[in-house]
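This report refers to the structure that appears directly beneath it.
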Amino acid sequence: MASSITTNQKTEQPAADNHESGEYEKEFTPKTAKRKISRSTVITALIVIVLIGAGVAGYFIYQGTFYYQTNNAKVDTVIHQISANTTGQLLRLYVAQGEAVAAGQVLAQVQKGPLIRSPIDGTVTNVMPQAGDYVSAADVILVVAKTSDMYITANVEETNILKIKVGQPVAVYLDAYGRNFDGYVAEVASVTSTKLSGTVSSFTTSGTYTKVTQLIPVKIKLADNVDLTNIIGTNATVKIRIK
């Protein structure tokens, strides 16, 4: 009789274990395991992705069609580097850095040399030596900038230059100010930067040649009244409306 009771107890035990195991699985099975993503949700997500991609592509196509943009641009003006023209002692400087000067105004005098005069109306942007220093004929002693005619010079690739026309509106971002200003294309050069500067190009008669995309300067004037006299040479980004 005792043996029979023992056998029954052993037989009933697995049932309890199975019941507890089932409760454990129910308790710890994530609810999301039973969720199914509907077909309509998948289709909606794909449509949204396609629309976003199309929108981004359309934006870049629009920008490339109607605008030309480059950050190869700087605040610029005509700069005159004035040399001593003779060797000797710098007897006197008549102007200081930052001073406005008129064309023909005496700027300096070198021993046994003619008076040095300003070639333009402008501003003295740099004074190299001091009075009493010994200078040679080739030494630059003063720099005068034509601050009455400030502009932005943008270097445009030859592959895009025919898109640029005088009068086209331009948005000019000046790094120094950290904001955009309105402007317009005032002049398009007819020669490349390398020809204007006298830089040796990649052309060679030795039989080897490396093609380099040439840059052509484009002069851009600001429509807004902005003081550029103290930021000559600083960086700019231009966005030209070409259509």
**Q.** In range of the label at L196: residues from the stretch 146-184 whose backbone nitrogen is under 11 Å from the point 7 Å along Cα→Cβ
**A.** 152-156
Q | Cα-based shape type of the stretch 108-168, given that a ≥ b ≥ c are square roots of the gyration tensor eigenvalues and the cut on a/c is 1.5 | A | prolate
**Q.** J(HN,Hα) series, the stretch 112-127, from Karplus relation 6.51 cos²θ - 1.76 cosθ + 1.60, nearest Hz, glycine and proline x
**A.** 6, x, x, 4, 8, 10, 6, x, 9, 6, x, 10, 6, 9, 7, 10
(Q) Longer than 20 Å from Cα to Cα, which of K74/K146; K195/K243; K211/K243 are they? Say none if no pair is. (A) K195/K243; K211/K243
**Q.** Potential lengthening between Y209 and N160 on full extension [0.36 nm per residue; Cα-Cα distance subtracted]
**A.** 15.4 nm
Q.
Please compute the contact order of the stretch 79-145 in relative form: average sequence separation of alpha-carbon pairs under 8 Å and at least six residues apart, divided by the residue count, as a percent.
A. 46 percent
Q | Length released on extending from V106 to A138, taking residue separation times 0.36 nm less the Cα-Cα span | A | 9.6 nm
(Q) Only counting other Cβ atoms within 10 Å, I'd like Y209, Y177 sorted with the fewest neighbours first. (A) Y209, Y177
Q.
Given points 7 Å out from each Cα along the Cα-Cβ axis, report the A45 to E187 separation in nanometres with one decimal.
A. 6.0 nm
Q. Counting other C-beta atoms within 10 Å, which of V238, V170, V42 has the fewest, and how do the rest follow?
A. V42, V238, V170
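Laboratory data are not the source of any read-out in this text; all were calculated from the coordinates shown. Predicted model, so just to flag it, every value in this text is computed and none were measured. Heads up, the Cβs are rebuilt from the backbone with ideal geometry, glycines too, and the neighbour counts pull from every protein chain shown.
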